[in-house]
Amino acid sequence: MKRWMQAALTDTWQLGGLTIRGRVVLAPLAGIGNWFVRLQAKRHGAGLVVSEMVSSFAVHYGNARTCNELLRIHPDEHPVSVQLFGADPDVVESAAERVAAAGADMIDINMGCPVPKVCRTGAGAALLEDPERALAVASAAARGSGLPVTVKLRTGLRAGDLCGVEVARRLAWSGSVAGLAIHPRRAAQRHGGTPDYALVARLVEELPVPVMVSGGLRDAPTTRAAFAQTGAAAVLLARGSLGNPWLFDQLLGGHDLDPTREQILAELDWVIERAVEHLGVERAGRYLRKFYPWYIERLGGTRAEQRALQAATQTAPDLAAVRELLGIRRVAVAA
Ligand SMILES: Cc1cc2nc3c(=O)[nH]c(=O)nc-3n(C[C@H](O)[C@H](O)[C@H](O)COP(=O)(O)O)c2cc1C
């Protein structure tokens, strides 16, 4: 029946009592989804932005870098959801309280991360094998924060296994979550393989909470198709958004217009400035090396030119040199 209610990506919707303007959401991206990447997505139209995953232990114990950097929220990025990972309900409850105090509007719990370092602690995708604990963790986050809680999960751990679907059902019907984000690949697939959108479509029909879809949303046509096929409440852009905030504009503006060279360089310049503001010149210089390839790829040119520019930006001595290489003409940002 929900099929008849299929919305447009630009439509406003409700998630846990929050009004979300538009159905294109920035997915959690570890090591990437800090305040300025989220703010960038927001500038390009994201209705909701989700932080990179944050350790509930690190927050609970007041780790300075975690609390100062990962919980930093910009006033213009609301509504923002902070994603926590952890398997101890007491620790998650305490961390969730701090996340609320930091200004988050919502909390997302990671039940999809397949990385052994995370799963060994019982967190991430490992929670899919322990539904009681999964429910306890989600409820603890709600209790600690007083905020709406969503869970992002996989459909299972390995081929043929649907433990994630079972956990999704339990979370949704127990009333412990305001919504779910489903990445319909098994944890063992990591980020490869075809997402099972038909399975998401069935869960959208069945579950009493909004379901967001993640996985394989690499460009505007694939994202529109997945949104239509699943009937999901929203789409979560992940790898498709890396160095490509214009994907938000395309989806919300209903076009496929690519940015000009000037727009790409101006955007990268904005990112460089924000990174310096966030991390200082030295750390920003190192941190930004993972960002350059995404933008450089979009600049075009021959293979040889691309290779040369990619290599040069990776070894450039400082940000002024990077700007020079890219032809970004402006005064370097002060330390
Ligand atoms: C570099 C990277 C970091 C990610 N970090 C997180 C994370 O912190 N939390 C999370 O729930 N998912 C994380 N994911 C998964 C994405 O949110 C998304 O579900 C996945 O990439 C599938 O979407 P895509 O195929 O459109 O990229 C990450 C994915 C990538 C590629």
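State the number of residues belonging to the range 178-205 that are under 23 Å from residue 158 (Cβ atoms), assigned to a helix (DSSP H, G or I) and not β-branched (Val, Ile, Thr).
Matching residues across the range 178-205 total 9.
So the check is Cβ under 7 Å with 6+ separation or different chains; which pairs have a first residue in the range 11-36 that's of a type in the set (D, E, K, R) and a second one that's modelled with pLDDT of 95 or more and assigned to a strand (DSSP E or B)?
21/12; 23/13; 23/234; 23/235
Tally the residues that are of a type in the set (Gly, Ala, Ser) and more than 14 Å from the ligand (Cβ to nearest atom), restricting the search to the range 180-211.
The total comes to 3.
Within the set of pairs 6 or more residues apart or between chains, which connect a residue that is assigned by TED's automatic domain parsing to the domain that holds residue 51 and more than 9 Å from the ligand (Cβ to nearest atom) inside the range 103-116 to a residue that is assigned to a strand (DSSP E or B) and of a type in the set (Gly, Ala, Ser) with Cβ atoms less than 7 Å apart?
Once the first residue is assigned by TED's automatic domain parsing to the domain that holds residue 51 and more than 9 Å from the ligand (Cβ to nearest atom) and sits in the range 103-116, its partners that are assigned to a strand (DSSP E or B) and of a type in the set (Gly, Ala, Ser) give 104/81; 105/81; 106/81; 107/81.
Going through 40, 6 one at a time, which residue ends up being farther than 30 Å from residue 119 by Cα and at pLDDT 95 or above?
The match here is 40.
Regarding residue 67, is this residue within 16 Å of the ligand (Cβ to nearest atom), in the same structural domain as residue 43 (by TED's automatic domain parsing) and hydrophobic (A, V, I, L, M, F, W, C)?
Judged against the criteria, residue 67 is not a match.
On the basis of being touching a residue at least 24 places away in the same chain (Cβ under 8 Å), of a type in the set (Gly, Ala, Ser) and surrounded by fewer than 21 Cβ atoms within 10 Å (Cβ to Cβ), does residue 100 make the cut?
Against the criterion (touching a residue at least 24 places away in the same chain (Cβ under 8 Å), of a type in the set (Gly, Ala, Ser) and surrounded by fewer than 21 Cβ atoms within 10 Å (Cβ to Cβ)), residue 100 qualifies.
Residues in the range 126-144: is at least one over 18 Å from residue 82 (Cβ atoms), within 11 Å of the ligand (Cβ to nearest atom) and out of contact with any strand residue (DSSP E or B) (no Cβ under 6 Å at 6 or more places or on another chain)?
Checking the range 126-144: not a single residue is over 18 Å from residue 82 (Cβ atoms), within 11 Å of the ligand (Cβ to nearest atom) and out of contact with any strand residue (DSSP E or B) (no Cβ under 6 Å at 6 or more places or on another chain).
The values are calculated or read from the model by the stated rules, or taken from the named source; none is laboratory data. Nothing here was measured: the structure is a model prediction, and the numbers come from that model. Here the Cβ is made from the backbone with ideal geometry for all residues, glycine too, and neighbour counts use every protein chain on show.
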